[in-house]
Amino acid sequence: MNSEIKTFVINLINSESENTHLDFKKEQYPIGGKAHKKPEFLKDMLAFANLKTKRDKFIIIGVEESGGIKASLSSIVELNDQALYQQYLNQYIEPEINFEYMELNFEGNKLAFFRLFDNDKQPYLFKKDLIDKIYHFEKGSGFIRTGTSTRRLIRDDFEKMYSSRIPAVKDRSSDVSFHARLEKFNDPEIRSIHYLHLQIDATNHSSRSIEFDVEVKITKSQDYKIIHKQELEKFIEKGKNDSRSDHYHYNSFSPNLYLNTYVECSELNDSYFFERIPEKFQKVAIKLKQNSETKDLFNGQIAIHIENTTNIELEIIARSDDFLKGPLVEKINYPITVQ
């Protein structure tokens, strides 16, 4: 990897002029003691790090430029320690800037270069004041590279940097689809009166989980009857209790206890309306994992008795903050036959 980078740097020296991603320096940045140009290193590193781009940036040492292009080479006697540069940066700059400092032998000269990479936490700023006779860098200030020059960050730069941190929001209504099918109930008593289970499943086609509330409207028809399964069970139980009461002439039977199905049903003028409500301590009704299917959104509570072969019209409505254009509405025309 290092050999590839060094080859790339040599090509920059030979064929590139200074630009937003490339700077030439004749000498190394002084790093020891109180060298009067020492803060210049911080300024240049900030300027490159604050440039929002995926490309690596390079400061090549030992190249004297004229008009932005290589004019001559100036060999380095001894390479400064990268750790000293890193320590100096960490002392004054936040967040931490990713870089490496490497030696490069080119045309008989000992050069060096800084490579800045993977810096995507803009803005990079001074975390404390650095003030002397030449430099005046206040806490919270910063620099950015524009062309071949460096300037201080202004308000517009900050706004662009912070707004770029917010990921692009995508409408996710296409990530979810619904499917309907008929199944037989396990309860033999319900099966004996020819009621079937209308099951609605949901599939998440994305690599991100998603949460939503869901309801379904089922168009009324003379060709079928729709009822909440739990209400059907109560009706069956009442019939059995009435029969027992008639036989024994008194009612001594305890009522059944019914669990919360988290499915509510209402009857409208032209349709049946089923709504899945959140379970206890939950904010939404349905949670779909990544690339997965959840079967039976309505917990087995949609019971249908088919009188004639026909089509059943369903309108499934899902509501989620991830559906930016409003509720996801999917209409299904499902064929049913007499069982």
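The values are calculated or read from the model by the stated rules, or taken from the named source; none is laboratory data. In this text, all values refer to a predicted model and were calculated from it rather than measured experimentally. Positions of Cβ are generated from backbone atoms using ideal geometry, with glycine treated the same way; all protein chains shown enter the neighbour counts.
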(1) closer than 20 Å to Val263 by Cβ; (2) in contact with a strand residue (DSSP E or B) (Cβ under 8 Å, 6 or more places away or on another chain); (3) without any contact (Cβ under 8 Å) to a residue 12 or more places away in the chain: which one isn't true of Arg152, the others all being true?
(1)
Could you list all residues from the range 225-241 that are part of a strand (DSSP E or B) and either of a type in the set (Lys, Arg) or surrounded by fewer than 20 Cβ atoms within 10 Å (Cβ to Cβ) (or both)?
Lys225, Ile227
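Rundown of residues vs (1) assigned to a loop (DSSP other than H, G, I, E, B); (2) among the charged types (D, E, K, R); (3) surrounded by 14 or more Cβ atoms within 10 Å (Cβ to Cβ), yes/no style:
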{"site": "Ser3", "(1), (2), (3)": "no, no, no"}
{"site": "Val9", "(1), (2), (3)": "no, no, yes"}
{"site": "Phe24", "(1), (2), (3)": "no, no, yes"}
{"site": "Pro30", "(1), (2), (3)": "yes, no, yes"}
{"site": "Gly33", "(1), (2), (3)": "yes, no, no"}
{"site": "Lys54", "(1), (2), (3)": "yes, yes, no"}
{"site": "Phe113", "(1), (2), (3)": "no, no, yes"}
Under 8 Å between Cβ atoms, at least 6 apart or on separate chains: pull out the pairs that start in the range 268-293 with a residue that is buried (at least 16 other Cβ atoms within 10 Å of the Cβ) and end on any residue that is acidic (Asp, Glu) and not in a strand (DSSP E or B).
Ala285/Glu279
A careful count of residues in the range 185-220 that are basic (Lys, Arg) and within 19 Å of Leu314 (Cβ to Cβ) gives 2
Can you give me the number of residues within the range 59-81 that are of a type in the set (A, V, I, L, M), assigned to a loop (DSSP other than H, G, I, E, B) and farther than 29 Å from Ile131 by Cα?
2
Matching residues in the range 180-197 - criterion: being in contact (Cβ under 8 Å) with a residue 12 or more places away in the chain and hydroxyl-bearing (Ser, Thr, Tyr)
Tyr195
Which count do you get for residues in the range 230-254 that are modelled with pLDDT of 80 or more and of a type in the set (S, T, N, Q)?
1
Which one of these is in contact with a Leu (Cβ under 6 Å, 6 or more places away or on another chain), touching a residue at least 12 places away in the same chain (Cβ under 8 Å) and of a type in the set (Ser, Thr, Tyr): Ser164, Ser173, Ser177, Ser141?
Ser173
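Tell me, which strands (runs of 3 or more DSSP E) lie completely within the range 142-190 with 3 or more residues that are under 30 Å from Thr53 (Cα atoms)?
So the answer is 143-146, 149-152.
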Evaluate the range 82-97: report whether one residue or more is farther than 21 Å from Phe143 by Cα and either assigned to a strand (DSSP E or B) or hydrophobic (A, V, I, L, M, F, W, C) (or both).
yes
When you go through (1) at pLDDT 95 or above; (2) not in a strand (DSSP E or B); (3) not basic (Lys, Arg) one by one for Asp120, which number turns out not to apply?
(1)
